[in-house]
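The values are calculated or read from the model by the stated rules, or taken from the named source; none is laboratory data. These figures come from a predicted structure and were not determined experimentally. In this analysis, Cβ positions are derived from the backbone assuming ideal geometry, glycine residues included, and neighbour counts consider all displayed protein chains. Accessible surface is based on the protein model in full, side chains and every heavy atom, while ligands, DNA and RNA are left aside. Shrake-Rupley method; radii C 1.70, N 1.55, O 1.52, S 1.80 Å.
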Amino acid sequence: MPDWLVWLILAGVLAAAEAASLTFVLIMFAGGALAAAVTAGFGGNVLLQCIVAIVATLGLLGGVRPIARRHLLPGAGMSTGSDALVGQQAVVLSEVTAQDGRVRLNGGEWSARSYDEKQVLAAGTVVRVMRISGATAEVLHEGPYFESRP
């Protein structure tokens, strides 16, 4: 069996194993094996193939892996799902009180209630989402123009 084929099979096995681990380590080793396969295809001896595999793997681990992780894995400070809606603006569709109401948030209609129990928010008021509780947005009008209950 030619050396390039051995390296190519090794690269395929490592790439398949990466699909199970999702650590972005094995895929870098697969890249090193692929570089060694190219070297073997051009007639490089086994020592040169191993050196190319090691150098390529280290280069991928040091250069590509950090970039791939940053782009593909959510960071610690990144909000997802309903948590990402906190702090967003919404528009009141029907009067919002401490008990109920409706707002347009992120293109969808959400049930809502006032974050400040004394606020009554009229339709058309722009509000800020303070918290998501289940499927209900708790909203607050921060401007000077709002009604409040006595």
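With respect to V92, is the statement that it is in contact with a strand residue (DSSP E or B) (Cβ under 7 Å, 6 or more places away or on another chain) and at pLDDT below 95 true? Outline the logic, then answer.
Values: in contact with a strand residue (DSSP E or B) (Cβ under 7 Å, 6 or more places away or on another chain): yes; at pLDDT below 95: yes.
Considered against the rule, which asks whether it is in contact with a strand residue (DSSP E or B) (Cβ under 7 Å, 6 or more places away or on another chain) and at pLDDT below 95, V92 comes out as yes.
May I ask you to list the residues in region 1-28 that are open to solvent by 70 Å² or more (accessible area, probe 1.4 Å) and either assigned to a loop (DSSP other than H, G, I, E, B) or of a type in the set (V, I, T) (or both)?
If the condition is that a residue be open to solvent by 70 Å² or more (accessible area, probe 1.4 Å) and either assigned to a loop (DSSP other than H, G, I, E, B) or of a type in the set (V, I, T) (or both), then M1, V6, I9, V13, L22 are the ones that fit.
Given the residues V38, V25, which is the only one that is farther than 30 Å from I132 by Cα and touching a residue at least 40 places away in the same chain (Cβ under 8 Å)? Explain how you work it out, then say what you get.
On the way: V38 fails: touching a residue at least 40 places away in the same chain (Cβ under 8 Å).
That would be V25, the only listed residue that is farther than 30 Å from I132 by Cα and touching a residue at least 40 places away in the same chain (Cβ under 8 Å).
Given the options G134, G77, name the one that is at pLDDT below 85, surrounded by fewer than 16 Cβ atoms within 10 Å (Cβ to Cβ) and small (G, A, S).
Of G134, G77, the one residue that is at pLDDT below 85, surrounded by fewer than 16 Cβ atoms within 10 Å (Cβ to Cβ) and small (G, A, S) is G77.
Would you pick out the residues in region 117-131 that are open to solvent by 60 Å² or more (accessible area, probe 1.4 Å) and more than 13 Å from S94 (Cβ to Cβ)?
E117, K118, V126, R128, M130, R131 - these are the residues of region 117-131 that are open to solvent by 60 Å² or more (accessible area, probe 1.4 Å) and more than 13 Å from S94 (Cβ to Cβ).
If the Cβ limit is 6 Å and pairs must be 6+ apart or interchain, which residue in region 63-89 that is more than 19 Å from G31 (Cα to Cα) pairs with which residue that is at pLDDT 75 or above and part of a helix (DSSP H, G or I)?
Listed by first residue and then by second, the contacts come to nothing, as the list is empty.
Which one of the conditions (1) open to solvent by less than 70 Å² (accessible area, probe 1.4 Å); (2) at pLDDT 90 or above; (3) of a type in the set (D, E) does D100 fail to meet, given that it meets all the rest?
Failed condition: (1).
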